[in-house]
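Asker: Following this message is one structure expressed as structure tokens.
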Amino acid sequence: MTGAGDGALPDFKRDLLAQLPALRAFAVSLCGRHDQADDLLQNTILKAWSNQESFTPGTNMKAWLFRILRNDFYSELRMRRREIQDSDGEHSARLAVHPGQHAALDLKDFGRALEALPSDHREAIILVGASGFSYEEAATICGCAVGTLKSRVNRARASLRDLLSLGEDDDFGPDTTFHAGGTGAKSV
């Protein structure tokens, strides 16, 4: 682009502004709605302004601006054709993602419930449930019989269900309605 001192920028701005009424009328004729036409016109002005170095002074600015507007309109139209109509929200409901704050709250609740367990029960369930040790390995670590450790884990699980107000078959975590695809499958 030529320097601002030689008058190129003011000429470009003046010529651009002079075309606005005709551009808006063309946008309305393409869109059929004034609000969409105004958005299209705004995009056209922004594109023209940011690409003014590609405009050759002395050529037909009106044709250049109309081409930008027309191309933008048809690009948007092509994108909208690829969009899925979902007026009832059925499709988007299947794509819903469980909000992160629920998981954080569930984790805090679980941490409080875990802390409320007797230390021997907490130790047993952490070794078997979280650390992945077998009952035999966990019993060796705790220095107790395997049957004792199994009993502690069972009591810890029951206590956690009670403290978290969960039923025998309840899941802890995202609701089944939030699973991607809406399959209703329970989380692992």
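The values are calculated or read from the model by the stated rules, or taken from the named source; none is laboratory data. Note that this is a predicted model, so its numbers are computed, not measured. Virtual Cβ from ideal backbone geometry, glycine too; neighbours counted across all protein chains shown. All accessible areas refer to the heavy atoms of the entire protein, side chains included, with ligands and DNA or RNA removed. Shrake-Rupley method; radii C 1.70, N 1.55, O 1.52, S 1.80 Å.
Asker: If the chain between residue 165 and residue 76 were fully stretched, how many nm would it gain, using 0.36 nm times the residue separation less the Cα-Cα distance? Show your work: numbers first, answer last.
Answerer: On the way: separation 89, 0.36 × 89 = 32.04 nm, distance 5.09 nm.
Value of the extension gain: 26.9 nm.
Asker: Sum up the charges of everything whose Cβ sits under 12 Å from the Cβ of residue 74, counting Lys and Arg as +1 and Asp and Glu as -1, but leave residue 74 out.
Answerer: For residues surrounding residue 74, the net value is +3.
Asker: Rounded to the nearest 10 Å², what accessible area does residue 152 show when all protein chains are kept and the probe is 1.4 Å?
Answerer: Counting only protein heavy atoms, residue 152 exposes about 50 Å² to solvent.
Asker: May I ask you to order 25-34, 116-125 by the average number of other C-beta atoms within 10 Å around their residues, highest value first?
Answerer: Averaged packing, sorted descending, gives the order 116-125, 25-34.
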